[in-house]
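Read the figures in this text as sums done on the coordinates, not as results from a lab. Predicted model only: the values in this text are computed from it and were never measured. Here the Cβ positions follow ideal geometry from the backbone for every residue, glycine too, while neighbour counts run over all protein chains shown.
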Amino acid sequence: MAQKEVVRGLEQKHNAEDQRCKIIDNMWEVLGRRWALLILRNLHTKEAIRFNELKRLMPGISSTVLTARLLEMEREGLISKKIYAEIPPRVEYRLTTRARELGVILKDLGEWAQHWKSPRIPATTLE
């Protein structure tokens, strides 16, 4: 009986660890997508920002990709979306507490990158 309880306890511990790994993997996947960190950086500079304003701050991103990234980050709990009952509808995006904590880490990463940046090396050409 005691052995079955030990096995069950180990299985539960293993399942909990698997769940934590999946959560971390999801977060890395979302943050690793193109534009995600730039979206977070731009949201970090303001309390709230509307879709078109965010899009203007990021030349080159399409509305489709911006919408997809915002939805992914909302699902991961990094941003919140508030829809106002107006015509036309007004939508604002904000960083959650979770993402504000991440902002501290990203700031440190930016300082690290600035410290260790090297001059651009010209592309190698074949002759």
| task | Considering only THR64, THR97, THR45, give the residue with the highest GNM mean-square fluctuation for the chain, with springs between Cα atoms whenever their separation is below 10 Å. | result | THR64
| task | Two decimals is fine: what is log10 I(q)/I(0) at q = 0.19, 0.35 Å⁻¹ for the stretch 34-75, from a Debye sum with one equal scatterer on every Cα and no solvent? | result | -0.48, -1.57
| request: Determine the calculated [θ] at 222 nm for the chain from helices alone, applying -39500 (n - 2.57) to every DSSP H run no shorter than 4 residues and normalising by the residue count; nearest 500 deg cm²/dmol. | output: -20500 deg cm²/dmol
| field | Rounded to 5, the percent of DSSP beta bridges in the chain classed as antiparallel | value | 100 percent
| query | Using a Cα distance threshold of under 30 Å, what count of lysine pairs results for the chain when pairs must be 8 or more residues apart or interchain? | reply | 18
| field | Table column - 3J(HN,Hα) (Hz), the stretch 26-32, Karplus curve with 6.51, -1.76, 1.60, x for Gly and Pro | value | 4, 5, 4, 4, 5, 5, x
| said: With +1 assigned to the C-beta of every Lys and Arg and -1 to the C-beta of every Asp and Glu, and no other charges, what is the dipole magnitude of the chain about the Cα centre in debye, to the nearest 20? | reply: 380 debye
| query | Using Cα atoms only, what is the angle between the long axis of helix 97-116 and the major principal axis of the chain, expressed in degrees (0 to 90) to the nearest 10? | reply | 60 degrees
| request: Identify which of ALA85, ALA68, ALA99 has the largest mean-square fluctuation in a Gaussian network model of the chain, with springs joining Cα atoms closer than 10 Å. | output: ALA85
| said: Take ILE23 and ILE105, extend 7 Å from each Cα along the Cα→Cβ direction, and tell me the distance between the two endpoints in nm. | reply: 1.3 nm
